[in-house]
Amino acid sequence: MNDFFASGVRTSRATIAEVAAVAGVSKASVSRYIGGDRRLLSDALAARIEAAVVALEFQPNQMARGLKRGRSRLVGMLVADMLNPYSTAVMHGVETACRQQGYSLLVCNTDQDAQQERQQLAALQSYSIEGLIVNTFGQHAADLRQLGKMLPLVLLDRELPGVDADLVGLDNHQAIETGVDHLLEQGYRDLLLVSEPLDGTSSRQQRLAAFAARLAAQPGCRGSHSIQADQPPALQSDLAAFLAAPGPGPKAILTANGVATLATTLALQALGEPLFERFGLLALDDLDWFPLVGGGISALAQPTHALGVAAFERLQRRIDGDRSAPVRQTFAAELHVRRSTRART
């Protein structure tokens with residue numbers, strides 16, 4: 001019996017049996033119709049089924065259909081921090097690419113917690129995902145290595161020890177070198193890199209290494225770093241000491257991601273420092289609020305949408321059977337100049 005309110009709106013999902021009954025055909029014929037085997041049905045039969053599908057607002061259970069064929073059309077994504085603007089932006093790129101290719105995206109957030117990471121990995125496996133995009137600290141690398149033997153993995157932004165998989169991410173050396181060179185061209189000579197704690201995260205380590213190497217090759221310049229972006233009092237202390245210390249010339253701060261930029265801006269305001277009056281600021285990542293602060297914060301923009309799309313495309317190749325050696329696909333950052341890095345003399 002069809003389940004309708006008096007208004008004619010269904011209160012439950014129509015079934016194949018109901019469609020078959022309304023169309024006056026077998027359930028097998030309906031299954032052929034929705035399963036892409038319409039060529040096996042006569043035009044008259046297909047027309048009757050189509051009319052019943054429309055009348056009942058029938059929607060096939062895509063998951064069940066996929067599993068019947070050994071395909072769920074479901075891709076997983078494991079992220080360390082869903083509140084991080086980078087994660088959100090990249091996730092949008094992944095989801096867009098998934099949708100265009102007929103896949104659905106299942107996102108699990110670890111909140112940078114080791115126990116949550118293990119639980120979310122188990123949950124993702126239970127959903128019969130066809131592949132997994134990983135953007136975490138990899139606190140359970142052994143579990144990920146084991147999972148990688150069962151289904152395709154793509155690493156996003158971060159390398160994980162012993163996990164032999166494709167990696168899609170920013171060219172961290174290019175980004176930092178571009179940023180340091182811009183600051184030097186603008187007349188800054190005393191630079192501070194502000195980062196979140198390294199925590200074994202490859203992208204953070206690469207950015208710090210590139211910063212140190214670039215400045216070591218510049219006579220008459222000095223570079224230092226603070227990894228206290230997650231500790232406001234400690235960061236304020238580091239910034240106050242940096243701005244007060246005598247140095248080789250005008251000072252500038254280079255923040256290693258959007259989270260560090262927000263923490264640095266808040267710390268400077270707490271110190272009562274007029275933004276960009278006696279120092280410069282350049283951020284890696286370009287967030288919507290940057291143009292609104294102190295005449296605008298200069299930024300090294302990551303192509304986050306393109307990164308997300310590339311991660312899915314790389315994963316789809318693996319799902320489709322590509323067994324070639326893992327590849328590293330990197331993207332360049334783009335410099336957006338605003339008032340925060342105006343020229344100094």
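Scanning region 82-90 turns up no residue that is of a type in the set (A, V, I, L, M, F, W, C) and modelled with pLDDT under 85.
Kindly indicate whether Ala245 is over 21 Å from Ser87 (Cα atoms), under 24 Å from the mean Cα position of the chain (by Cα) and modelled with pLDDT of 95 or more. No.
Put simply, of Ala216, Ala165, Ala229, Ala212 the only residue that is in the same structural domain as Gly138 (by TED's automatic domain parsing) and among the hydrophobic types (A, V, I, L, M, F, W, C) is Ala165. Close Cβ contacts (under 8 Å, 6 or more residues apart or on different chains) running from residues in region 179-197 that are in contact (Cβ under 8 Å) with a residue 12 or more places away in the chain to residues that are outside any strand (DSSP E or B) and acidic (Asp, Glu) comprise Leu192/Asp238; Val194/Asp238; Glu196/Asp230; Pro197/Asp230. Quick one: is Gly187 in the same structural domain as Ile297 (by TED's automatic domain parsing), more than 15 Å from Ala80 (Cβ to Cβ) and small (Gly, Ala, Ser)? The answer is yes for Gly187.
Has region 157-165 got any residue that is of a type in the set (D, E, K, R), buried (at least 18 other Cβ atoms within 10 Å of the Cβ), closer than 21 Å to Leu262 by Cβ and touching a residue at least 12 places away in the same chain (Cβ under 8 Å)? Looking through region 157-165, at least one residue is of a type in the set (D, E, K, R), buried (at least 18 other Cβ atoms within 10 Å of the Cβ), closer than 21 Å to Leu262 by Cβ and touching a residue at least 12 places away in the same chain (Cβ under 8 Å). Residues in region 231-290 that are of a type in the set (D, E, K, R) and surrounded by fewer than 18 Cβ atoms within 10 Å (Cβ to Cβ): Glu273, Glu277, Arg278, Asp288. Just the residues that are without any contact (Cβ under 8 Å) to a residue 12 or more places away in the chain and in a loop (DSSP other than H, G, I, E, B), please, taken from region 279-309. Answer for region 279-309, where residues must be without any contact (Cβ under 8 Å) to a residue 12 or more places away in the chain and in a loop (DSSP other than H, G, I, E, B): Asp288, Trp289.
For region 152-170, a residue qualifies if it is over 14 Å from the mean Cα position of the chain (by Cα) and β-branched (Val, Ile, Thr), and exactly one does: Val163. Examine region 104-112 for a residue that is surrounded by 14 or more Cβ atoms within 10 Å (Cβ to Cβ) and either over 18 Å from the mean Cα position of the chain (by Cα) or modelled with pLDDT under 85 (or both), and state whether such a residue exists. Yes. Could you list, in sequence order, all residues of region 27-53 that are exposed (fewer than 11 other Cβ atoms within 10 Å of the Cβ) and modelled with pLDDT of 85 or more? Residues satisfying the conditions are Ser42, Ala44.
The values are calculated or read from the model by the stated rules, or taken from the named source; none is laboratory data. Predicted model only: the values in this text are computed from it and were never measured. Heads up, the Cβs are rebuilt from the backbone with ideal geometry, glycines too, and the neighbour counts pull from every protein chain shown.
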